[in-house]
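All of the numbers you see were taken from the coordinates with simple rules; none came from a lab. For clarity, every value in this text was computed on a predicted model and none was experimentally measured. Virtual Cβ from ideal backbone geometry, glycine too; neighbours counted across all protein chains shown.
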Amino acid sequence: MKIATFNINGIKARIEALPAWLAAANPDVVCLQEIKSVDEGFPREVFEGMGYRVETHGQKSFNGVAILSKLPLEDVVRGLPGDDADEQARWIEATVVGAKAVRVCGLYLPNGNPAPGPKYDYKLAWMARMQARVKSLLPLEEPLVCCGDYNVIPQAEDAAKPELWTEDALYLPQSRAAFRRLLNLGLTEAFRARNQSPGQYSFWDYQAGAWERNNGIRIDHLLLSPQAADLLQDCQIDKQVRAGDKPSDHVPVWIELDA
DNA sequence: ATGGTCGGGTGCCGA
């Protein structure tokens, strides 16, 4: 089972590049972030025509997440539990029914800039809620994959120029500590586990020739429960997508599971 | 050293 995460930065803007990548990469499951569309505006027919089931959790203008799957989806949850007043669409879960069932959580973690400030407070509170949600899912002892745009640079080696990020919400010690606490629940970060080569990133800013200079950061992650980590065969970043026509500022990251 | 680019949607905000 091939599971990917891809922050597409607007479904309307990516209506050619996303199907092109799907046709080439042929993932079974894709978690999308920043669809920037309400559910009714999402062009589901395009993806249904390619054999994908489509579950969205959209929002006007900002945020919005979705799961595309060639395998049946069950028990869809929309929205991160723990705050009924939170109206930002950043979380969707579903069980993918393959040879083995895999619970997949697709997430768009808050950016948090500027820090300090209310947006950073929201980021840290959201991460605490995610911690609680994952903690409640782990006792099921089933394969669990939490993937998406974490908006966290875990370590210095995950940025081309870490010194430029020291005051940024993506790299502040509190952000990295909250990410570590997730890992310390017993999750495996798939790319770090499978791929040790340096200089591999998942995001390059549109500005200042960041792509051409490989001035990137690695902020799109797949975190696996022990039962999912047992099935992990591979993890790769589809870097070449950033060089295509009308690219997102993020590229897909995917895992292959023996499931 | 500075400023720079996208997307969504129609005035700027978010990244």
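At most 15 other Cβ atoms within 10 Å plus a DSSP loop assignment makes a site exposed; report the longest stretch of chain A without any exposed chymotrypsin sites (Phe, Trp or Tyr not before Pro). List each step's numbers first, then the result.
Numbers: sites that count: A:62, A:206.
My reading of the result: A:63-205 is the longest stretch.
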* To do: Please express the Cα-Cα pair-distance distribution P(r) of segment A:170-259 as a list of whole percents, one per 5 Å bin, running from 0 to the bin with the greatest distance.
  => 3, 12, 21, 20, 20, 13, 8, 3, 0
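At 0.36 nm per residue, and after removing the present C-alpha to C-alpha distance, how many nm does the segment from residue A:181 to residue A:62 gain when stretched out fully? Provide the component values of the computation, followed by the final result.
Working: separation 119, 0.36 × 119 = 42.84 nm, distance 2.76 nm.
Taking 0.36 nm per residue and subtracting the Cα distance, the gain is 40.1 nm.
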* Could you tell me which Cys residues in chain A have no other cysteine's Cβ under 4.7 Å from their own Cβ, answering none if every one has a partner? => A:31, A:147, A:235
* To do: Using all C-alpha to C-alpha distances in segment A:81-143, build P(r) with 10 Å bins and read off the rounded percent in each one.
  => 18, 45, 26, 9, 1
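What longest range of chain A stays clear of loop-exposed trypsin sites (Lys or Arg not before Pro) (DSSP non-H/G/I/E/B, at most 13 other C-beta within 10 angstrom)?
Details: sites that count: A:12, A:60, A:213.
It runs A:61-212.
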* Convert each backbone phi in segment A:108-118 into a coupling constant with the Karplus relation 6.51 cos²θ - 1.76 cosθ + 1.60 (shift: θ = phi - 60°), then list the ³J(HN,Hα) values in order as whole Hz, x for Gly and Pro. => 10, 6, x, 5, x, 7, x, 10, x, x, x
* Using a Gaussian network model of chain A whose springs link C-alpha atoms within less than 10 Å, name the residue from A:163, A:34, A:93 with the highest mean-square fluctuation. => A:163
* **Relative counts (whole %) of C-alpha pair distances in segment A:2-257, using bins that are 10 Å wide** => 7, 33, 40, 19, 1
* Solvent-free Debye scattering, log10 I(q)/I(0), computed from the Cα coordinates of segment A:191-233 at q = 0.17, 0.18, 0.27, 0.34 Å⁻¹ -> -0.58, -0.62, -0.95, -1.18
